[in-house]
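Structure, as C-alpha coordinates:
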Amino acid sequence: MVCWFRTLLFISVLVPAFVECRIRHYHFNVVVKNATKLCSTKPIVTVNGKFPGPRLYAREGDNVLVRLTNHVQYNVTIHWHGVRQLRTGWSDGPAYITQCPIQPGQNFLYNFTLTGQRGTLLWHAHISWLRSTVHGAIVILPKKGVPYPFPKPYKEKVIVLGEWWKADTEAVVNQATQTGLPPNISDAHTINGHPGPVPNCSSDDAHTLHVETGKTYLLRVINAAVNDELFFKIANHNLTVVEVDACYTKPFETDTLFLGPGQTTTALLKADQGIGKYLIAISPFMDTIVAVDNLTGIGYLRYNHTLAFTPTTFVAIPAVNATPVTSVFSDSLRSLNSKQYPANVPLTIDHSLFFTIGVGINPCATCFNGSRAVAAINNVSFVMPTTAILQAHYYGINGVFTDDFPAKPAIPFNYTGTPPSGLQTMNGTKVYRLAYNSTVQLVIQGNTIIAPESHPTHLHGSNFFVVGRGVGNFDPEKDPLKFNLVDPVERNTVSVPTAGWTAIRFRADNPGVWFFHCHLEVHTTWGLKMAFLVENGKGPNESIEPPPSDLPKC
(Lines give C-alpha, C1' and ligand atoms only; values in the text may rest on other atoms or scores of the structure.)
Protein backbone atom coordinates (compact mmCIF):
# COMPACT_ATOMS: atom_id res chain seq x y z
CA MET A 1 0.00 0.00 0.00
CA VAL A 2 1.30 3.44 -0.96
CA CYS A 3 0.03 6.45 0.96
CA TRP A 4 1.10 9.97 1.56
CA PHE A 5 0.29 12.56 4.21
CA ARG A 6 -0.74 16.16 3.58
CA THR A 7 -0.42 18.65 6.43
CA LEU A 8 -1.81 22.05 7.28
CA LEU A 9 0.02 24.73 9.24
CA PHE A 10 -2.41 25.88 11.93
CA ILE A 11 -1.36 28.00 14.94
CA SER A 12 2.27 27.02 14.37
CA VAL A 13 1.42 23.30 14.72
CA LEU A 14 1.62 20.78 11.90
CA VAL A 15 -1.68 18.90 11.79
CA PRO A 16 -2.37 15.98 9.43
CA ALA A 17 -5.15 17.14 7.13
CA PHE A 18 -5.91 13.76 5.56
CA VAL A 19 -4.27 10.58 4.41
CA GLU A 20 -4.66 9.89 0.70
CA CYS A 21 -3.97 6.26 -0.25
CA ARG A 22 -3.40 5.59 -3.90
CA ILE A 23 -5.13 2.24 -3.93
CA ARG A 24 -7.31 1.06 -6.79
CA HIS A 25 -9.88 -1.59 -5.84
CA TYR A 26 -11.50 -3.79 -8.47
CA HIS A 27 -13.85 -6.76 -8.22
CA PHE A 28 -13.65 -9.25 -11.08
CA ASN A 29 -16.45 -11.81 -11.08
CA VAL A 30 -15.88 -14.53 -13.66
CA VAL A 31 -19.31 -15.49 -14.97
CA VAL A 32 -20.92 -17.09 -18.01
CA LYS A 33 -23.09 -14.88 -20.19
CA ASN A 34 -24.85 -15.47 -23.50
CA ALA A 35 -23.50 -13.40 -26.37
CA THR A 36 -24.80 -12.99 -29.92
CA LYS A 37 -22.33 -12.40 -32.76
CA LEU A 38 -22.47 -13.34 -36.43
CA CYS A 39 -26.21 -14.04 -36.07
CA SER A 40 -25.65 -16.86 -33.60
CA THR A 41 -25.70 -17.03 -29.81
CA LYS A 42 -23.42 -18.94 -27.45
CA PRO A 43 -22.47 -18.80 -23.76
CA ILE A 44 -19.06 -17.21 -23.11
CA VAL A 45 -16.86 -16.82 -20.05
CA THR A 46 -16.58 -13.15 -19.08
CA VAL A 47 -15.49 -10.82 -16.30
CA ASN A 48 -18.49 -9.00 -14.83
CA GLY A 49 -20.57 -10.09 -17.83
CA LYS A 50 -18.63 -7.85 -20.24
CA PHE A 51 -16.86 -8.60 -23.54
CA PRO A 52 -14.29 -7.13 -23.65
CA GLY A 53 -14.00 -7.06 -19.88
CA PRO A 54 -13.89 -3.99 -17.60
CA ARG A 55 -11.14 -1.44 -18.09
CA LEU A 56 -8.64 -1.11 -15.28
CA TYR A 57 -7.58 2.53 -14.74
CA ALA A 58 -4.74 3.58 -12.43
CA ARG A 59 -1.82 5.97 -12.19
CA GLU A 60 1.88 5.25 -12.17
CA GLY A 61 2.80 4.34 -8.59
CA ASP A 62 -0.69 3.15 -7.62
CA ASN A 63 -1.30 -0.03 -5.68
CA VAL A 64 -3.89 -2.19 -7.50
CA LEU A 65 -6.06 -4.73 -5.69
CA VAL A 66 -8.25 -7.01 -7.79
CA ARG A 67 -10.47 -9.53 -6.04
CA LEU A 68 -11.22 -12.26 -8.55
CA THR A 69 -14.05 -14.68 -7.80
CA ASN A 70 -14.57 -17.71 -10.05
CA HIS A 71 -18.24 -18.51 -10.71
CA VAL A 72 -17.69 -20.75 -13.76
CA GLN A 73 -16.92 -24.44 -14.30
CA TYR A 74 -13.35 -23.83 -15.45
CA ASN A 75 -10.19 -23.10 -13.49
CA VAL A 76 -9.24 -19.45 -14.03
CA THR A 77 -6.25 -17.12 -13.67
CA ILE A 78 -5.67 -13.54 -14.82
CA HIS A 79 -2.36 -12.22 -16.18
CA TRP A 80 -1.69 -8.48 -16.06
CA HIS A 81 0.15 -8.45 -19.36
CA GLY A 82 3.15 -6.12 -19.30
CA VAL A 83 2.85 -5.15 -15.62
CA ARG A 84 6.34 -5.74 -14.29
CA GLN A 85 5.18 -7.21 -10.95
CA LEU A 86 8.35 -6.11 -9.14
CA ARG A 87 8.81 -8.69 -6.36
CA THR A 88 5.09 -9.62 -6.64
CA GLY A 89 5.35 -12.58 -8.96
CA TRP A 90 2.53 -14.30 -7.06
CA SER A 91 0.15 -11.89 -8.82
CA ASP A 92 1.53 -12.39 -12.34
CA GLY A 93 -1.10 -14.97 -13.19
CA PRO A 94 0.10 -17.69 -15.62
CA ALA A 95 -1.36 -20.98 -14.40
CA TYR A 96 1.17 -23.46 -12.97
CA ILE A 97 4.03 -20.97 -13.49
CA THR A 98 3.44 -18.43 -10.69
CA GLN A 99 0.21 -19.73 -9.20
CA CYS A 100 -2.17 -22.65 -9.17
CA PRO A 101 -5.42 -21.70 -10.89
CA ILE A 102 -8.43 -20.34 -9.06
CA GLN A 103 -10.85 -23.23 -8.90
CA PRO A 104 -14.63 -22.96 -9.34
CA GLY A 105 -16.21 -21.23 -6.35
CA GLN A 106 -12.86 -19.88 -5.09
CA ASN A 107 -11.37 -16.38 -5.09
CA PHE A 108 -7.97 -14.71 -4.93
CA LEU A 109 -6.75 -11.15 -4.33
CA TYR A 110 -4.27 -9.95 -6.95
CA ASN A 111 -2.08 -7.27 -5.32
CA PHE A 112 0.57 -5.33 -7.22
CA THR A 113 2.04 -1.84 -7.60
CA LEU A 114 2.52 -0.07 -10.94
CA THR A 115 6.15 0.95 -10.53
CA GLY A 116 7.85 3.05 -13.20
CA GLN A 117 5.22 2.35 -15.85
CA ARG A 118 2.67 4.46 -17.66
CA GLY A 119 0.68 3.79 -20.83
CA THR A 120 -1.52 1.08 -22.31
CA LEU A 121 -1.43 -2.60 -21.34
CA LEU A 122 -3.99 -5.40 -21.11
CA TRP A 123 -5.15 -8.15 -18.81
CA HIS A 124 -6.32 -11.58 -19.90
CA ALA A 125 -6.97 -15.10 -18.68
CA HIS A 126 -3.81 -17.22 -18.68
CA ILE A 127 -5.09 -20.77 -18.75
CA SER A 128 -6.30 -22.81 -21.73
CA TRP A 129 -7.99 -20.56 -24.33
CA LEU A 130 -10.19 -18.58 -21.95
CA ARG A 131 -8.48 -15.34 -22.94
CA SER A 132 -10.51 -15.41 -26.17
CA THR A 133 -13.30 -13.70 -24.19
CA VAL A 134 -11.65 -12.99 -20.80
CA HIS A 135 -9.59 -9.88 -21.49
CA GLY A 136 -9.63 -6.11 -21.10
CA ALA A 137 -7.62 -2.90 -21.12
CA ILE A 138 -5.19 -1.56 -18.52
CA VAL A 139 -4.69 2.22 -18.70
CA ILE A 140 -1.87 3.57 -16.55
CA LEU A 141 -2.02 7.35 -16.42
CA PRO A 142 1.07 9.42 -15.51
CA LYS A 143 1.44 10.59 -11.94
CA LYS A 144 -0.66 13.63 -11.11
CA GLY A 145 0.94 16.77 -12.46
CA VAL A 146 3.20 14.88 -14.89
CA PRO A 147 2.30 15.69 -18.52
CA TYR A 148 2.47 13.39 -21.51
CA PRO A 149 5.63 13.89 -23.60
CA PHE A 150 3.35 14.81 -26.52
CA PRO A 151 0.51 17.32 -27.02
CA LYS A 152 -2.38 16.70 -24.64
CA PRO A 153 -5.27 15.10 -26.53
CA TYR A 154 -8.85 16.30 -26.40
CA LYS A 155 -10.07 12.81 -25.39
CA GLU A 156 -8.78 9.28 -25.05
CA LYS A 157 -10.36 6.21 -26.65
CA VAL A 158 -9.66 2.55 -25.89
CA ILE A 159 -9.88 0.13 -28.83
CA VAL A 160 -9.57 -3.59 -28.06
CA LEU A 161 -9.08 -5.92 -31.03
CA GLY A 162 -10.11 -9.56 -30.71
CA GLU A 163 -11.15 -12.79 -32.38
CA TRP A 164 -14.50 -14.57 -32.30
CA TRP A 165 -15.40 -18.21 -32.77
CA LYS A 166 -18.99 -19.34 -33.30
CA ALA A 167 -17.99 -22.51 -31.45
CA ASP A 168 -16.96 -22.77 -27.80
CA THR A 169 -13.20 -22.09 -27.83
CA GLU A 170 -12.60 -24.63 -25.06
CA ALA A 171 -14.20 -27.26 -27.30
CA VAL A 172 -12.04 -26.04 -30.20
CA VAL A 173 -8.77 -26.51 -28.32
CA ASN A 174 -9.88 -29.79 -26.73
CA GLN A 175 -10.73 -31.25 -30.14
CA ALA A 176 -7.34 -30.16 -31.50
CA THR A 177 -5.55 -31.69 -28.52
CA GLN A 178 -7.32 -35.02 -29.02
CA THR A 179 -6.79 -35.20 -32.78
CA GLY A 180 -3.29 -33.73 -32.90
CA LEU A 181 -4.41 -31.39 -35.70
CA PRO A 182 -4.27 -27.58 -35.67
CA PRO A 183 -7.34 -25.98 -34.07
CA ASN A 184 -10.05 -24.39 -36.19
CA ILE A 185 -9.40 -20.75 -37.05
CA SER A 186 -11.71 -18.01 -35.74
CA ASP A 187 -14.81 -16.89 -37.62
CA ALA A 188 -14.35 -13.11 -37.28
CA HIS A 189 -12.28 -10.29 -35.85
CA THR A 190 -13.78 -7.80 -33.42
CA ILE A 191 -13.33 -4.13 -32.51
CA ASN A 192 -14.38 -3.56 -28.89
CA GLY A 193 -16.36 -6.78 -29.14
CA HIS A 194 -18.09 -5.94 -32.46
CA PRO A 195 -17.24 -7.72 -35.76
CA GLY A 196 -19.08 -5.29 -38.03
CA PRO A 197 -20.87 -6.48 -41.17
CA VAL A 198 -19.96 -10.05 -42.17
CA PRO A 199 -21.10 -12.38 -44.96
CA ASN A 200 -24.25 -14.44 -44.38
CA CYS A 201 -25.44 -12.25 -41.49
CA SER A 202 -27.73 -9.24 -41.89
CA SER A 203 -26.73 -7.62 -38.59
CA ASP A 204 -24.25 -4.73 -38.87
CA ASP A 205 -22.83 -5.12 -35.36
CA ALA A 206 -20.06 -2.52 -35.64
CA HIS A 207 -18.20 -0.29 -33.21
CA THR A 208 -18.43 3.43 -33.96
CA LEU A 209 -15.78 5.94 -32.89
CA HIS A 210 -17.39 9.38 -32.59
CA VAL A 211 -15.12 12.40 -33.13
CA GLU A 212 -15.42 16.16 -33.34
CA THR A 213 -13.87 18.09 -36.21
CA GLY A 214 -10.49 19.65 -35.41
CA LYS A 215 -9.90 17.70 -32.19
CA THR A 216 -7.01 15.32 -31.43
CA TYR A 217 -7.73 11.96 -29.85
CA LEU A 218 -5.41 9.49 -28.14
CA LEU A 219 -6.24 5.98 -29.34
CA ARG A 220 -5.13 3.17 -27.05
CA VAL A 221 -5.14 0.17 -29.40
CA ILE A 222 -4.80 -3.32 -27.89
CA ASN A 223 -4.48 -6.61 -29.76
CA ALA A 224 -6.23 -9.12 -27.51
CA ALA A 225 -6.63 -11.65 -30.33
CA VAL A 226 -5.78 -15.27 -29.64
CA ASN A 227 -3.79 -16.26 -32.72
CA ASP A 228 -3.73 -13.40 -35.24
CA GLU A 229 -1.32 -10.54 -35.80
CA LEU A 230 -3.38 -7.62 -37.07
CA PHE A 231 -3.22 -4.48 -39.18
CA PHE A 232 -5.28 -1.45 -38.08
CA LYS A 233 -6.29 1.35 -40.46
CA ILE A 234 -8.75 4.25 -40.58
CA ALA A 235 -9.80 5.55 -44.00
CA ASN A 236 -8.15 8.89 -44.96
CA HIS A 237 -6.55 9.32 -41.51
CA ASN A 238 -2.95 9.02 -40.40
CA LEU A 239 -1.90 8.11 -36.87
CA THR A 240 1.08 9.37 -34.87
CA VAL A 241 2.51 6.56 -32.73
CA VAL A 242 3.68 7.82 -29.31
CA GLU A 243 3.84 4.67 -27.16
CA VAL A 244 3.93 0.88 -27.39
CA ASP A 245 3.57 -1.64 -24.56
CA ALA A 246 3.42 1.19 -21.98
CA CYS A 247 6.74 2.67 -23.14
CA TYR A 248 6.94 6.07 -24.82
CA THR A 249 8.39 6.22 -28.32
CA LYS A 250 9.74 8.89 -30.61
CA PRO A 251 6.62 10.03 -32.47
CA PHE A 252 6.22 8.83 -36.05
CA GLU A 253 3.35 9.07 -38.49
CA THR A 254 1.82 6.10 -40.28
CA ASP A 255 -1.43 5.09 -41.93
CA THR A 256 -1.18 1.50 -40.66
CA LEU A 257 -0.59 0.03 -37.21
CA PHE A 258 0.75 -3.51 -36.83
CA LEU A 259 0.15 -5.38 -33.58
CA GLY A 260 0.79 -8.96 -32.56
CA PRO A 261 -1.38 -10.58 -29.88
CA GLY A 262 -0.50 -9.03 -26.52
CA GLN A 263 0.93 -5.86 -28.06
CA THR A 264 -0.45 -2.36 -27.54
CA THR A 265 0.04 0.79 -29.58
CA THR A 266 -1.01 4.26 -28.47
CA ALA A 267 -1.38 6.85 -31.23
CA LEU A 268 -2.66 10.37 -31.78
CA LEU A 269 -5.51 10.77 -34.25
CA LYS A 270 -6.32 14.20 -35.69
CA ALA A 271 -9.94 14.55 -36.76
CA ASP A 272 -8.89 16.66 -39.74
CA GLN A 273 -11.09 15.30 -42.54
CA GLY A 274 -14.45 16.44 -43.81
CA ILE A 275 -17.59 15.61 -41.86
CA GLY A 276 -18.58 12.09 -42.74
CA LYS A 277 -18.25 8.39 -41.96
CA TYR A 278 -14.93 6.58 -42.41
CA LEU A 279 -14.21 2.88 -42.32
CA ILE A 280 -12.02 1.39 -39.57
CA ALA A 281 -10.54 -1.95 -40.64
CA ILE A 282 -8.57 -4.65 -38.86
CA SER A 283 -7.16 -7.43 -40.99
CA PRO A 284 -4.77 -10.32 -40.37
CA PHE A 285 -1.12 -10.67 -41.30
CA MET A 286 0.22 -14.06 -42.37
CA ASP A 287 3.14 -14.33 -44.80
CA THR A 288 3.43 -18.11 -44.90
CA ILE A 289 1.31 -21.18 -45.68
CA VAL A 290 -0.46 -21.31 -42.30
CA ALA A 291 -4.26 -20.95 -42.36
CA VAL A 292 -5.61 -17.70 -40.94
CA ASP A 293 -8.98 -16.06 -40.37
CA ASN A 294 -8.96 -13.72 -43.38
CA LEU A 295 -12.18 -11.88 -42.49
CA THR A 296 -11.74 -8.14 -42.00
CA GLY A 297 -13.17 -6.66 -38.82
CA ILE A 298 -15.01 -3.42 -39.55
CA GLY A 299 -15.91 -0.37 -37.50
CA TYR A 300 -16.65 3.26 -38.27
CA LEU A 301 -15.16 6.65 -37.43
CA ARG A 302 -18.04 9.12 -37.51
CA TYR A 303 -17.75 12.89 -37.26
CA ASN A 304 -20.33 14.76 -35.24
CA HIS A 305 -23.07 16.31 -37.40
CA THR A 306 -22.70 13.63 -40.07
CA LEU A 307 -26.07 13.20 -41.76
CA ALA A 308 -27.86 9.87 -41.70
CA PHE A 309 -27.24 7.65 -44.76
CA THR A 310 -23.99 9.48 -45.54
CA PRO A 311 -21.93 7.04 -47.66
CA THR A 312 -18.92 5.50 -45.95
CA THR A 313 -15.39 6.35 -47.12
CA PHE A 314 -13.61 3.03 -47.61
CA VAL A 315 -10.01 2.06 -46.92
CA ALA A 316 -7.56 -0.21 -48.70
CA ILE A 317 -6.27 -2.88 -46.31
CA PRO A 318 -2.77 -4.35 -46.62
CA ALA A 319 -2.41 -7.70 -48.34
CA VAL A 320 -2.53 -10.58 -45.89
CA ASN A 321 1.17 -11.25 -46.65
CA ALA A 322 2.29 -7.59 -46.55
CA THR A 323 5.65 -8.29 -44.89
CA PRO A 324 7.15 -4.90 -45.95
CA VAL A 325 4.37 -3.07 -44.05
CA THR A 326 5.23 -4.96 -40.85
CA SER A 327 8.95 -4.33 -41.33
CA VAL A 328 8.55 -0.58 -41.91
CA PHE A 329 6.35 -0.28 -38.82
CA SER A 330 8.72 -2.29 -36.61
CA ASP A 331 11.81 -0.47 -37.87
CA SER A 332 10.18 2.93 -37.19
CA LEU A 333 9.81 2.25 -33.45
CA ARG A 334 12.42 3.98 -31.27
CA SER A 335 12.55 4.66 -27.55
CA LEU A 336 12.02 8.26 -26.54
CA ASN A 337 15.40 8.11 -24.74
CA SER A 338 15.01 11.51 -23.10
CA LYS A 339 16.41 12.72 -19.80
CA GLN A 340 13.12 11.88 -18.08
CA TYR A 341 12.58 8.61 -19.97
CA PRO A 342 16.03 7.16 -20.71
CA ALA A 343 16.67 3.96 -22.62
CA ASN A 344 18.82 1.99 -20.17
CA VAL A 345 20.03 -0.64 -22.60
CA PRO A 346 22.44 -3.15 -21.04
CA LEU A 347 25.81 -2.60 -22.73
CA THR A 348 27.65 -5.48 -21.07
CA ILE A 349 26.17 -8.97 -21.19
CA ASP A 350 26.37 -11.75 -18.60
CA HIS A 351 24.24 -14.31 -20.48
CA SER A 352 24.30 -14.55 -24.27
CA LEU A 353 21.44 -16.86 -25.24
CA PHE A 354 20.30 -18.22 -28.59
CA PHE A 355 16.78 -19.68 -28.73
CA THR A 356 15.42 -21.35 -31.85
CA ILE A 357 11.63 -21.39 -31.98
CA GLY A 358 9.23 -23.20 -34.24
CA VAL A 359 6.69 -25.92 -34.84
CA GLY A 360 7.31 -29.64 -35.39
CA ILE A 361 5.61 -33.01 -35.58
CA ASN A 362 5.90 -35.80 -33.03
CA PRO A 363 4.50 -39.33 -33.23
CA CYS A 364 1.13 -39.83 -31.50
CA ALA A 365 -0.46 -43.28 -31.57
CA THR A 366 -3.90 -42.00 -30.50
CA CYS A 367 -4.02 -38.99 -32.84
CA PHE A 368 -5.93 -38.63 -36.12
CA ASN A 369 -3.08 -39.40 -38.49
CA GLY A 370 -0.54 -40.90 -36.08
CA SER A 371 1.21 -37.63 -35.35
CA ARG A 372 0.75 -34.48 -33.30
CA ALA A 373 1.74 -30.88 -33.93
CA VAL A 374 4.18 -29.62 -31.30
CA ALA A 375 6.16 -26.43 -30.75
CA ALA A 376 9.48 -25.97 -29.00
CA ILE A 377 12.28 -23.65 -27.95
CA ASN A 378 15.76 -25.13 -28.51
CA ASN A 379 13.99 -28.41 -29.29
CA VAL A 380 12.40 -28.53 -25.82
CA SER A 381 8.61 -28.65 -25.78
CA PHE A 382 7.48 -27.34 -22.41
CA VAL A 383 5.42 -29.61 -20.17
CA MET A 384 3.14 -27.76 -17.79
CA PRO A 385 3.66 -28.99 -14.21
CA THR A 386 0.87 -29.70 -11.72
CA THR A 387 2.48 -27.52 -9.03
CA ALA A 388 3.30 -23.88 -9.77
CA ILE A 389 7.01 -23.44 -10.50
CA LEU A 390 7.27 -20.32 -8.33
CA GLN A 391 5.87 -22.23 -5.35
CA ALA A 392 8.27 -25.10 -5.97
CA HIS A 393 11.18 -22.64 -6.15
CA TYR A 394 10.13 -20.67 -3.07
CA TYR A 395 9.48 -23.72 -0.89
CA GLY A 396 12.25 -25.91 -2.29
CA ILE A 397 9.90 -28.59 -3.64
CA ASN A 398 11.85 -31.11 -5.71
CA GLY A 399 10.65 -32.87 -8.83
CA VAL A 400 8.58 -30.03 -10.28
CA PHE A 401 11.16 -28.51 -12.66
CA THR A 402 14.81 -28.65 -13.62
CA ASP A 403 17.10 -25.65 -14.20
CA ASP A 404 18.92 -27.02 -17.25
CA PHE A 405 17.13 -25.24 -20.06
CA PRO A 406 19.70 -25.08 -22.89
CA ALA A 407 21.26 -21.69 -23.65
CA LYS A 408 21.59 -22.68 -27.30
CA PRO A 409 20.44 -25.55 -29.55
CA ALA A 410 22.13 -28.86 -28.76
CA ILE A 411 22.50 -29.51 -32.50
CA PRO A 412 23.07 -26.43 -34.69
CA PHE A 413 21.51 -26.60 -38.15
CA ASN A 414 20.44 -24.37 -41.03
CA TYR A 415 17.50 -22.85 -39.15
CA THR A 416 15.85 -21.15 -42.12
CA GLY A 417 16.95 -23.61 -44.78
CA THR A 418 16.13 -27.26 -45.41
CA PRO A 419 15.30 -28.70 -42.00
CA PRO A 420 17.15 -31.76 -40.74
CA SER A 421 15.40 -35.12 -40.59
CA GLY A 422 14.61 -36.91 -37.35
CA LEU A 423 14.73 -33.82 -35.15
CA GLN A 424 12.00 -34.95 -32.77
CA THR A 425 11.43 -32.60 -29.87
CA MET A 426 12.06 -33.56 -26.27
CA ASN A 427 9.61 -32.78 -23.50
CA GLY A 428 10.54 -31.11 -20.22
CA THR A 429 9.68 -28.60 -17.53
CA LYS A 430 12.93 -26.69 -17.69
CA VAL A 431 13.89 -23.18 -16.57
CA TYR A 432 16.96 -21.04 -17.19
CA ARG A 433 18.46 -19.64 -13.98
CA LEU A 434 19.64 -16.02 -13.77
CA ALA A 435 21.44 -14.27 -10.92
CA TYR A 436 19.77 -11.11 -9.65
CA ASN A 437 20.70 -8.02 -11.70
CA SER A 438 22.49 -10.04 -14.37
CA THR A 439 22.14 -8.89 -17.97
CA VAL A 440 20.83 -10.99 -20.83
CA GLN A 441 21.12 -10.86 -24.58
CA LEU A 442 18.67 -13.23 -26.23
CA VAL A 443 18.60 -13.90 -29.96
CA ILE A 444 15.27 -15.49 -30.89
CA GLN A 445 15.67 -17.39 -34.16
CA GLY A 446 12.65 -18.63 -36.08
CA ASN A 447 13.06 -21.96 -37.82
CA THR A 448 11.39 -23.68 -40.79
CA ILE A 449 11.12 -27.27 -39.56
CA ILE A 450 7.44 -27.40 -40.58
CA ALA A 451 6.77 -23.90 -41.86
CA PRO A 452 8.32 -20.49 -41.18
CA GLU A 453 5.98 -18.21 -39.28
CA SER A 454 5.98 -14.88 -37.47
CA HIS A 455 6.02 -15.40 -33.69
CA PRO A 456 4.89 -12.61 -31.32
CA THR A 457 6.93 -13.50 -28.25
CA HIS A 458 6.20 -12.28 -24.71
CA LEU A 459 8.42 -12.06 -21.63
CA HIS A 460 6.76 -11.79 -18.22
CA GLY A 461 8.29 -9.75 -15.38
CA SER A 462 10.55 -7.50 -17.45
CA ASN A 463 10.54 -5.16 -20.37
CA PHE A 464 13.28 -5.67 -22.93
CA PHE A 465 14.98 -3.62 -25.61
CA VAL A 466 14.70 -4.80 -29.22
CA VAL A 467 18.27 -4.17 -30.39
CA GLY A 468 18.11 -5.94 -33.75
CA ARG A 469 16.05 -7.98 -36.19
CA GLY A 470 16.55 -9.55 -39.58
CA VAL A 471 15.59 -12.29 -42.00
CA GLY A 472 17.44 -15.57 -42.48
CA ASN A 473 19.91 -16.99 -39.99
CA PHE A 474 21.42 -14.72 -37.35
CA ASP A 475 25.12 -14.03 -38.05
CA PRO A 476 26.90 -13.74 -34.67
CA GLU A 477 29.83 -11.92 -36.28
CA LYS A 478 28.14 -9.37 -38.56
CA ASP A 479 24.65 -8.77 -37.17
CA PRO A 480 25.66 -7.43 -33.71
CA LEU A 481 27.63 -4.68 -35.47
CA LYS A 482 24.27 -3.28 -36.61
CA PHE A 483 22.54 -3.44 -33.21
CA ASN A 484 20.84 -0.27 -31.99
CA LEU A 485 22.18 0.28 -28.48
CA VAL A 486 21.18 3.97 -28.31
CA ASP A 487 17.39 4.21 -28.61
CA PRO A 488 15.96 0.73 -29.33
CA VAL A 489 12.26 0.33 -28.68
CA GLU A 490 11.34 -1.03 -25.24
CA ARG A 491 8.59 -3.67 -25.20
CA ASN A 492 7.22 -6.72 -23.43
CA THR A 493 6.12 -8.55 -26.61
CA VAL A 494 7.95 -8.62 -29.94
CA SER A 495 7.31 -10.32 -33.26
CA VAL A 496 10.08 -12.54 -34.55
CA PRO A 497 9.85 -12.23 -38.36
CA THR A 498 9.02 -15.24 -40.50
CA ALA A 499 12.20 -17.22 -41.18
CA GLY A 500 14.12 -14.54 -39.33
CA TRP A 501 15.41 -13.44 -35.95
CA THR A 502 15.03 -10.78 -33.29
CA ALA A 503 17.62 -9.81 -30.66
CA ILE A 504 16.55 -8.43 -27.28
CA ARG A 505 18.39 -7.32 -24.14
CA PHE A 506 17.12 -7.04 -20.57
CA ARG A 507 18.29 -6.84 -16.99
CA ALA A 508 17.13 -9.59 -14.60
CA ASP A 509 16.31 -7.22 -11.73
CA ASN A 510 13.00 -8.82 -10.74
CA PRO A 511 13.31 -11.94 -8.56
CA GLY A 512 10.86 -14.74 -9.31
CA VAL A 513 9.84 -17.11 -12.06
CA TRP A 514 8.96 -15.47 -15.36
CA PHE A 515 7.22 -17.10 -18.29
CA PHE A 516 8.61 -16.64 -21.81
CA HIS A 517 6.40 -17.84 -24.65
CA CYS A 518 4.89 -17.27 -28.07
CA HIS A 519 1.71 -15.26 -27.64
CA LEU A 520 -0.06 -17.17 -30.40
CA GLU A 521 -2.18 -19.33 -28.12
CA VAL A 522 -1.98 -22.27 -30.52
CA HIS A 523 1.82 -22.31 -30.20
CA THR A 524 1.72 -21.89 -26.42
CA THR A 525 -0.66 -24.86 -26.27
CA TRP A 526 1.78 -26.89 -28.35
CA GLY A 527 4.71 -26.14 -26.01
CA LEU A 528 6.50 -23.03 -27.36
CA LYS A 529 7.28 -21.74 -23.89
CA MET A 530 9.85 -21.80 -21.08
CA ALA A 531 10.58 -19.83 -17.92
CA PHE A 532 13.42 -17.79 -16.47
CA LEU A 533 14.14 -18.20 -12.77
CA VAL A 534 15.62 -14.99 -11.38
CA GLU A 535 17.28 -15.53 -8.01
CA ASN A 536 16.93 -13.20 -5.04
CA GLY A 537 19.54 -10.50 -4.58
CA LYS A 538 20.72 -9.10 -1.27
CA GLY A 539 18.17 -8.21 1.38
CA PRO A 540 14.38 -7.97 1.27
CA ASN A 541 14.23 -5.20 -1.36
CA GLU A 542 15.91 -7.53 -3.86
CA SER A 543 13.90 -10.61 -2.89
CA ILE A 544 10.47 -11.85 -3.86
CA GLU A 545 7.78 -11.08 -1.31
CA PRO A 546 6.37 -13.98 0.73
CA PRO A 547 3.34 -15.64 -0.88
CA PRO A 548 -0.09 -14.29 0.09
CA SER A 549 -2.14 -16.36 2.52
CA ASP A 550 -4.94 -16.88 -0.02
CA LEU A 551 -2.70 -18.18 -2.83
CA PRO A 552 -4.76 -20.82 -4.66
CA LYS A 553 -3.96 -24.48 -4.07
CA CYS A 554 -3.60 -27.05 -6.81
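The values are calculated or read from the model by the stated rules, or taken from the named source; none is laboratory data. Just so it is clear, the structure is predicted and the values come from calculations on it, not from any experiment. All Cβ positions, glycine included, derive from the backbone under ideal geometry; neighbour counts span all protein chains shown. What goes into the accessible areas is simple: the full protein's heavy atoms, side chains included, and nothing from ligands, DNA or RNA. Shrake-Rupley method; radii C 1.70, N 1.55, O 1.52, S 1.80 Å.
Laid out as a table, the results:
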item: Considering only the chain, percent of DSSP beta bridges that pair antiparallel, nearest 5; result: 75 percent
item: About the Cα centre, charge dipole magnitude for the chain (Lys/Arg +1, Asp/Glu -1 at Cβ), debye; result: 1200 debye
item: Options Leu218, Tyr278, Tyr303, ranked by Cα towards positive dipole end of region 187-312, top entry (Cβ charges); result: Tyr303
item: Radius 15 Å from Cβ of Ala410, net charge of other residues (Lys, Arg +1; Asp, Glu -1); result: +1
item: Accessible surface of the chain, 1.4 Å probe, proportion on carbon and sulfur as whole %; result: 53 percent
item: Solvent-accessible area per residue for region 149-334 (1.4 angstrom probe, square angstrom); result: 39 Å²
item: Among Gly105, Phe28, Gly49 - extreme Cα towards positive end, dipole of region 20-143, charges at beta-carbon; result: Gly49
item: Paramagnetic reach from Gln340 (point 7 Å along Cα→Cβ, amide N under 12 Å) across region 123-157; result: 142-152
item: Electrostatic dipole magnitude of region 349-540 [Cβ: Lys, Arg +1; Asp, Glu -1; Cα centre; debye, to 20]; result: 100 debye
item: Rounded if a/c under 1.5, otherwise prolate or oblate - region 20-143, Cα gyration tensor axes; result: prolate
item: Expected 222 nm ellipticity per residue - DSSP helices of 4 or more, -39500 (n - 2.57), all of the chain, to 500; result: -1500 deg cm²/dmol
item: Extended-chain gain in nm, criterion 0.36 nm per residue less alpha-carbon gap, Lys143 and Val320; result: 59.7 nm
item: Debye equation applied to the C-alpha atoms of the chain, log10 I(q)/I(0) at 0.09, 0.11, 0.12 Å⁻¹; result: -0.66, -1.01, -1.22
item: Rough spin-label spacing in nm, given labels placed 7 Å along Cα→Cβ, for Thr312 and Lys152; result: 3.5 nm
item: Sum of side-chain charges, Pro94 neighbourhood, beta-carbon under 12 Å (Lys, Arg +1; Asp, Glu -1); result: +1
item: Three-way shape call for region 277-370 based on the alpha-carbon gyration tensor, with the a/c threshold at 1.5; result: oblate
item: Hits among lysines - C-alpha to C-alpha of Lys430 under 18 Å, sequence gap 8 or more where chains match; result: Lys408, Lys529
item: Sparse-neighbour loop sites [trypsin sites (Lys or Arg not before Pro); region 449-554; at most 15 other C-beta within 10 Å; DSSP]; result: Lys478, Lys538, Lys553
item: Rounded to the nearest 20 debye, dipole of region 40-166 from Cβ charges on Lys, Arg, Asp, Glu; result: 380 debye
item: FRET efficiency estimate (nearest 0.05) - Cβ-Cβ, Lys478 to Val31, R0 51 angstrom; result: 0.40
item: Global form of region 130-270, assessed from the alpha-carbon gyration tensor, a/c cut-off 1.5; result: prolate
item: Cβ-based net charge around Gly61, under 10 Å, with every Lys or Arg adding one and every Asp or Glu removing one; result: +3
item: 1.4 Å probe accessible area per residue over region 450-525, in Å²; result: 28 Å²
item: Peptide ranges 232-244, 362-374, 207-219 listed from the most packed, as the mean C-beta count within 10 angstrom indicates; result: 232-244, 207-219, 362-374
item: Trypsin sites (Lys or Arg not before Pro) restricted to region 243-304 and DSSP loop, no more than 11 other C-beta within 10 Å; result: none
